[in-house]
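Encoded as structure tokens, the structure appears first; notes follow it.
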Amino acid sequence: MQKVTITLEDDILQFVDSQSKGNRSAYINALLAEYRRRNLESQMITALQEDAQDSEYQAEIAAWDTVVGDGINASE
């Protein structure tokens, strides 16, 4: 973990202090980790929505779906 110095507006620092239960670093770290998680989730949803609209990609998926069971013998 790295130690850093940041500058906050007075009202923001007061808010952090009121929410952090005495541990500013842990609180800010948790906020940023959650922000990063939500950002990644949003990017993934956007990418999946784009894939769902991409007819060429959907055709490729359909082609792979038809061969997914090739070579698998259920009786063995």
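The values are calculated or read from the model by the stated rules, or taken from the named source; none is laboratory data. None of these values were measured; they are calculated from a predicted model. Here Cβ is always computed from backbone atoms with ideal geometry, including for glycine, and neighbour counts include all displayed protein chains.
Out of the helices (runs of 4 or more DSSP H) lying entirely within the range 1-70, which hold 3 or more residues that are modelled with pLDDT of 95 or more and among the hydrophobic types (A, V, I, L, M, F, W, C)?
In the range 1-70, the matching helices (runs of 4 or more DSSP H) lie at 10-19, 24-53.
Is it the case, given these coordinates, that ILE45 is aliphatic (A, V, I, L, M) and surrounded by 10 or more Cβ atoms within 10 Å (Cβ to Cβ)?
Answer is yes for this residue.
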